[in-house]
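Below is one structure, written out as structure tokens, with a few remarks after it.
The values are calculated or read from the model by the stated rules, or taken from the named source; none is laboratory data. Please read all numbers here as calculations on a predicted model, not as lab measurements. When we count neighbours, we look across all protein chains shown, and the Cβ atoms used for this are built from the backbone with ideal geometry, even at glycine.
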Amino acid sequence: MRADWESILSLVNCEIISVTKSDSLDSYVLSESSMFVSKDRFILKTCGTTTLLHAIKPLIQLVKNVCGFDTIADIFFSRKNFERPCDQIAPHTSFPEEVDWLNGVFGEGIAYSFGRVNADCWHMYTTSPQPHKGVEKPDQTVELLMTDLDPEVMKHYYKSVSMDGKAATKNSGIDKILPKSVIDEHLFEPCGYSANGILPNGQYWTIHITPEPEFAYVSFETNVPLDNYKELFQRVVDVFKPGRTSLTIFANKTSVAKDIHLELADNWETVGNYQRTDFNMAIVKDYNLSYSFYKNTYS
Ligand SMILES: C[S@@+](CC[C@H](N)C(=O)[O-])C[C@H]1O[C@@H](n2cnc3c(N)ncnc32)[C@H](O)[C@@H]1O
């Protein structure tokens, strides 16, 4: 199986660094982010100039060959606007190009852009409603994409400061964000950090840090089910102290987080030092979705 994953990932331009397995989830730290595989879900997160969409067709074929599954309950592709779109390789040179490519595989889909398309924004593609049922089990994903990072805070993610990944996890406070997680982390040479956290029942979180001041960036993602993410948001921004961050929350109709969007709209205009500058809500098939953008008023 590992050889199959390696072959798919080679098309994307990334490699497996390490693997952690629980009874319901296999978690992979990659050279360019992370991959999570469970019985009924596959998540691939990449960065840089990787070509993530090249994984889709071989993945569909692999799942058919190995598991006999031939129906996709749902798919989501999302990303923030690129800092340097001209550095990207086809089919990732623009969101319309990515949408055309995805439509070529899945038929005419649904594409949205949230936030300010002339500044910070977040693009999302999913398939059109299908004749079969979508994901019925509770499903939620929360993501923070952070920029304007203080070099003092980013210093933990340099080999010259932290001896290894474990030291960076502890010294930075990442280990306190979702305690009791089994953490698989990697500190790159000379800098850069990736971690996957696993909790029971297929729950995961993943953090990727690019600390170089010219293009510093941190991403946090989890599927931990909560009916309010305010404390979690606060814990994440307390660790990374970004000047700016997006927050996206996806939750389907059976998730405990399904009504969080109303709470967000009414009560999350300011969270600690953070002031919301953009807020969009949408209902996409069985999912409630919100996009918020915050600025640190102290930075
Ligand atoms: C954490 S990794 C990949 C995660 C990616 N930034 C994301 O947000 O998903 C990126 C950071 O590791 C550093 N790095 C060092 N060696 C690397 C390698 N062989 N592959 C990828 N990143 C490497 C980069 O300079 C950068 O600071």
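A quick yes/no check of all residues on (1) farther than 25 Å from Tyr287 by Cα; (2) among the charged types (D, E, K, R); (3) surrounded by fewer than 16 Cβ atoms within 10 Å (Cβ to Cβ); (4) modelled with pLDDT of 95 or more:
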site	(1), (2), (3), (4)
Phe77	no, no, no, yes
Glu98	no, yes, no, yes
His132	no, no, yes, no
Val142	no, no, no, yes
Leu145	no, no, no, yes
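Restricting to segment 203-245, what's the tally of residues that are under 15 Å from the mean Cα position of the chain (by Cα) and either assigned by the TED database to the domain that holds Glu32 or within 15 Å of the ligand (Cβ to nearest atom) (or both)?
Selection size over segment 203-245: 15.
Please specify each residue of segment 203-226 satisfying the condition of being over 30 Å from Ser255 (Cβ atoms), outside any strand (DSSP E or B) and not hydrophobic (A, V, I, L, M, F, W, C).
Start the filter on segment 203-226 by keeping residues that are over 30 Å from Ser255 (Cβ atoms), which leaves 210-216.
With outside any strand (DSSP E or B) added as a condition, the list becomes 211-216.
Scanning segment 203-226 gives Pro211, Glu212, Pro213, Glu214.
Is it true that some residue in segment 160-170 is within 16 Å of the ligand (Cβ to nearest atom), within 28 Å of Ala282 (Cβ to Cβ) and either loosely packed, with under 15 Cβ neighbours inside 10 Å or of a type in the set (Val, Ile, Thr) (or both)?
No.
Going by the conditions given, is Gly202 of a type outside the set (A, V, I, L, M), surrounded by fewer than 21 Cβ atoms within 10 Å (Cβ to Cβ) and touching a helix residue (DSSP H, G or I) at 6+ places or on another chain (Cβ under 8 Å)? Give the derivation first.
Numbers: of a type outside the set (A, V, I, L, M): yes; surrounded by fewer than 21 Cβ atoms within 10 Å (Cβ to Cβ): yes; touching a helix residue (DSSP H, G or I) at 6+ places or on another chain (Cβ under 8 Å): no.
Spelling it out, it is not the case that Gly202 is of a type outside the set (A, V, I, L, M), surrounded by fewer than 21 Cβ atoms within 10 Å (Cβ to Cβ) and touching a helix residue (DSSP H, G or I) at 6+ places or on another chain (Cβ under 8 Å).
Here is a yes/no grid of residues against (1) more than 26 Å from Ser7 (Cα to Cα); (2) of a type outside the set (A, V, I, L, M); (3) without any contact (Cβ under 8 Å) to a residue 12 or more places away in the chain:
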position: Asp70; (1), (2), (3): no, yes, yes
position: Ala73; (1), (2), (3): no, no, no
position: Lys80; (1), (2), (3): yes, yes, no
position: Phe106; (1), (2), (3): no, yes, no
position: Gly109; (1), (2), (3): yes, yes, no
position: Phe114; (1), (2), (3): yes, yes, no
position: Asp139; (1), (2), (3): yes, yes, no
position: Leu144; (1), (2), (3): yes, no, no
position: Leu149; (1), (2), (3): yes, no, no
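Are any of the residues in segment 69-83 part of a helix (DSSP H, G or I), over 14 Å from Thr206 (Cβ atoms) and within 16 Å of the ligand (Cβ to nearest atom)?
We begin by selecting, within segment 69-83, every residue part of a helix (DSSP H, G or I); these are none.
No, the conditions are met nowhere in segment 69-83.
Out of the residues in segment 242-299 that are of a type in the set (Phe, Trp, Tyr) and in a strand (DSSP E or B), which is surrounded by the most Cβ atoms within 10 Å (Cβ to Cβ)? Let's see the steps before the verdict.
Just the residues of segment 242-299 that are of a type in the set (Phe, Trp, Tyr), to begin with: 250, 268, 274, 279, 287, 291, 293-294, 298.
Next cut, in a strand (DSSP E or B) only: 250, 274, 279, 287, 291, 293-294.
Values: Phe250: 24, Tyr274: 25, Phe279: 18, Tyr287: 22, Tyr291: 24, Phe293: 24, Tyr294: 27.
In this case the residue turns out to be Tyr294.
When residues of segment 27-40 are filtered for being away from the ligand (no atom under 16 Å from the Cβ) and surrounded by 16 or more Cβ atoms within 10 Å (Cβ to Cβ), how many remain? If you could, list the steps in order and put the result at the bottom.
So the first thing to find is which residues in segment 27-40 are away from the ligand (no atom under 16 Å from the Cβ), and the list is 37-40.
Keeping just the survivors that are surrounded by 16 or more Cβ atoms within 10 Å (Cβ to Cβ) gives 37.
So the count comes out to 1.
Which residue pairs have Cβ atoms closer than 7 Å, lie 6 or more positions apart in sequence or on different chains, and pair a first residue in segment 190-202 that is near the ligand (Cβ under 9 Å from one of its atoms) and at pLDDT 95 or above with a second residue that is part of a loop (DSSP other than H, G, I, E, B) and basic (Lys, Arg)?
Pairs found: Pro190/Lys159; Cys191/Lys159.
Which numbered condition trips up Ala55, out of (1) surrounded by fewer than 16 Cβ atoms within 10 Å (Cβ to Cβ); (2) assigned to a helix (DSSP H, G or I); (3) within 16 Å of the ligand (Cβ to nearest atom)?
Among (1) surrounded by fewer than 16 Cβ atoms within 10 Å (Cβ to Cβ); (2) assigned to a helix (DSSP H, G or I); (3) within 16 Å of the ligand (Cβ to nearest atom), Ala55 violates only (1).
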